Structure formats: structure tokens, C-alpha cells
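The values are calculated or read from the model by the stated rules, or taken from the named source; none is laboratory data. Only a predicted model underlies this, so the values are computations on that prediction, with no experimental measurement involved. Cβ atoms come from the backbone with ideal geometry, glycine included; neighbour counts cover every protein chain shown.
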Amino acid sequence: MELINTGSELMLGRVLNTHQQWLCRQLADLGYTVRRQVAVPDTGADIQQAVRESLERADLVITTGGLGPTSDDITRDLIAQLLDRPLREHAPTLAAIEKFFAVRKRPMAANNRVQALVPEGALVLENPNGTAPGLAMKLEDGSWQMGVGESTALSPICHLPSASAKWLIMLPGPPRELRPMFTNLVVPLLCRELPLNEEFYCRTLRTTGIGESALAERIEGGLRPLVAGGLELGYCAHTWQVDVRLAARGQRGMQLVADGVAIVRERLGSFIFTDTDDNLETLIVRLLAERQLTLALAESCTGGAIANRITNVPGASAVFLGGFVTYSNELKQQALGVGAESLAGHGAVSEVVAREMAEGVRRQTGADYAISVTGIAGPDGGTAEKPVGTVFMGFASPKHTVVEKLFNPYDRETFKVATGNQALEKLRRALLALE
């Protein structure tokens, strides 16, 4: 199985290639292994060579990008040419494109019509989130084979006998279109046309508040016999979070994964915040809603980043009352009631100010819980007493207010992510303590 991401913008560093990470994760969790992935610019020779070579080695090739209406969207045309499949206008797809623009009361440009061209024999993957349909082709005739004298230096990885079918799937570039199309249409196609030779089981446990090395030290001793018996163990470290992935194949796979999960749960305990794909903010919104509690935020150094994460969760309006981004000392005083003497005597980045910010936003909003963060994101502004990365986090509840001093010596963006995760983790543990 191979993945080809097309787009000159990827090669220029103008766009982050998120497809490779997302698609490989989805495929791996289904039990399909991506053996190779490449990114190529929007040029005919590069795209055709990449597709030809991948089809020589793999039974499934997925391409992303190049299905749009502009002059650099040439993936569909080049692959049709490579496979000697004439393009024909697909009436249902054209109607769907026309409807897409009509519903939005926007004129349809003439060049959008090219997106309704489909290689002969291709299966059309409908795209309700955009105008470019995906395409899937079953190849049984060896039409991708290299011509005489062309390079075949790369050895096969997943080579099938010449009589066996291969699948080539083309997906649109925008993530908002690619991801639902893959989940809703490509996954069922894979399960039907390219079923796994043996059963596959996979679980991922997401943790926060413990580093990767400390986590591994806690669990690997207990998992060693299971790993020897076929359990696959892997880690994925994020900022202030680590995912533990357990997988196994075959008849014993389910039991191996279940036993592995039990050991990890026993040894990590409350460091685990979910065994689903939910992020920390999604869990926080759910816990608040289940307990019929509300939250308010007072942010300085994170600039509203925590509020942004909370409001990205559907249903957050039921529990999140609002937040204040009080970046200046003046606004800390005016909006939250932070004392001028506190700022003058201790500085904006201090335990005293974090406490007054948390209590002030809780008082202003009437929320059950309030969190405040004030710190030095850098790269300038630090001192020997308060170096860059210093953070004070206030947590105000109906019972009391506590302040914690943290240290996140990262770049500004990572600083915000780490501080946000620490704040949400503080609230998670408080909510779990109510059980």
C-alpha cells in the first residue's frame, strides 16, 4: 500500500502535508500498512512516474490532490493518460457540481465543469463537501506497466501476480473534503475489495501529565511477555500528551490487546484520559455537561487559545460561559478587578495576579469553575527570577482557589499548547474527583 501526495505547494513548504499523517493513522488503525509515501510537484513526469512505480509494487495506491478546476490540477488527466482511460463527462457529477453552486447562490465558473470528467471505468466517490469527486479504479490489465528501457530499480514490496487486481484511489486535496470521503466511502471499499488476510485489533490509550520515557518505564515490563507473543506496542508523543497504541493480528489478537489494555490501565491509572480519538477539550465539555457545571476563562499569555479549543467542541455553549483575554495590565484591572497594588508589587506574572484573575472572572460570570493563565511566552521578557516559559495558573472552584507555578520553555506556539493542556488537565482531575 502506497500514498502519493501531489502539489507543488507541498514541495515549496507553503502548505503543511497533513494528509500523510492522517491517512497513515487511519489505515494503520484498520490494519493496513503503508509501506511508502511520497510527495511530488504538479508536473506530468513526476506524477506519472510516481503512480507507475507505486502500481508496480503495491496492490493499493492512494493519491491526494490535483482534482480541482485550475490549471495546476492535473492528477486526474495524467493518470487517465497513463492508464489509457479516456475521460468522459459524468452527468450525475456535473449535476452535483451545479447544485453545489446553486445552493450557495454563487455563479459556477466554466472551468468547474472539468471536475465532472471521469476516466472510463472509474468508480465516482461523491463529494458533498466540495466540487471535486474522488475516483477509484480497479486495474487488472497491467496498463500501468513500465515501457521497455524504463527504470525498474525499485524492488516490489507488495507485488501481486499479474492477474491480480490493484486499486488506484484519487482523493481531493482539501482535508474537509478528503477526510469524510475516506471514512464514508473508501473504508467500506477497502473492507469489501481488499480484506485483510487475518483479523486485526487495535486500541489507543491517550494520556496526559506524564512524559514518554516515564510512561514507557511504567508499562513496558508488564507488557514484555505480550509483545513476545505478538502484541505490537507503539507511542506517539504530542505536546504534554502521549498516545499508547496496542495492536495484534490473528486469532489471539483480541485477547492480546485486551490483556495489554488492562496492564496499561493498571499502571497508568488517571494519566489516561480517553481510549477514543477524543481530545482533551472534548472530554472536558462532556464532563462539565454530565455534571451540569459551567466554566469561564481568564487568559493572558495564551491569548484566547484555550477558549478557542473549548469552543471548537460541539455543545460547548451549554457549559462555557465565556472568557476574557486580558493581555494588558489595564484590562486585568478593569475587566477582572485585579488590584493595581498586586500588579505593582508582584508583577503580572505572579501567583497573586493569577489568583485574582481566576476569582475575578468567576465573579464576573457566575461560573462554577474558572481558570486563569498568566506567563512569559518569550522569546523576550524573562528574568533570572521569572525566565521565559514561566506560567502561573489559577483555578477557582466553589470551594477554594489554588494557583500552580509551571515552566514551559518552548517556542510561543508550543508554549500555548502546553499551557492549555495543563489547564484542561487540572480541570479534568477536579471534575473526576466529584465522582
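Exactly one residue out of ASP411, ASP368 is in the same structural domain as ALA307 (by TED's automatic domain parsing) and under 22 Å from ALA237 (Cβ atoms): that is ASP411. Can ARG14 be described as surrounded by 15 or more Cβ atoms within 10 Å (Cβ to Cβ) and on the phi < 0 side of the Ramachandran plot? Criteria not met by ARG14.
Checking the stated criteria, ARG428 turns out to be more than 21 Å from GLY303 (Cα to Cα) and either assigned to a loop (DSSP other than H, G, I, E, B) or touching a residue at least 60 places away in the same chain (Cβ under 8 Å) (or both). Within segment 262-269, is there a residue that is within 30 Å of PHE320 (Cα to Cα) and either modelled with pLDDT of 95 or more or assigned by TED's automatic domain parsing to the domain that holds LEU424 (or both)? Yes.
With respect to being assigned by TED's automatic domain parsing to the domain that holds PHE324 and either outside any helix (DSSP H, G or I) or crowded, with 17+ Cβ neighbours inside 10 Å (or both), GLY345 falls outside the description. If the condition is being under 28 Å from the mean Cα position of the chain (by Cα), among the acidic types (Asp, Glu) and buried (at least 20 other Cβ atoms within 10 Å of the Cβ), then segment 41-99 contributes ASP42, ASP73. Under the condition of being closer than 13 Å to GLU299 by Cα and either under 32 Å from the mean Cα position of the chain (by Cα) or among the charged types (D, E, K, R) (or both), the residues counted in segment 358-406 number 17. When you check GLN251 against the structure, is it over 23 Å from the mean Cα position of the chain (by Cα), modelled with pLDDT under 95 and farther than 17 Å from ALA28 by Cα, yes or no? In short, yes.
When residues of segment 193-235 are filtered for being more than 27 Å from the chain's Cα centre (by Cα) and surrounded by 16 or more Cβ atoms within 10 Å (Cβ to Cβ), how many remain? Matching residues across segment 193-235 total 2.
All conditions in (1) touching a residue at least 60 places away in the same chain (Cβ under 8 Å); (2) over 23 Å from the mean Cα position of the chain (by Cα); (3) surrounded by fewer than 16 Cβ atoms within 10 Å (Cβ to Cβ) hold for GLY303, with the sole exception of (2). The residues listed here are LEU27, LEU23; of these, the one that is under 23 Å from THR183 (Cα atoms), assigned to a helix (DSSP H, G or I), among the aliphatic types (A, V, I, L, M) and without any contact (Cβ under 8 Å) to a residue 40 or more places away in the chain is LEU27.
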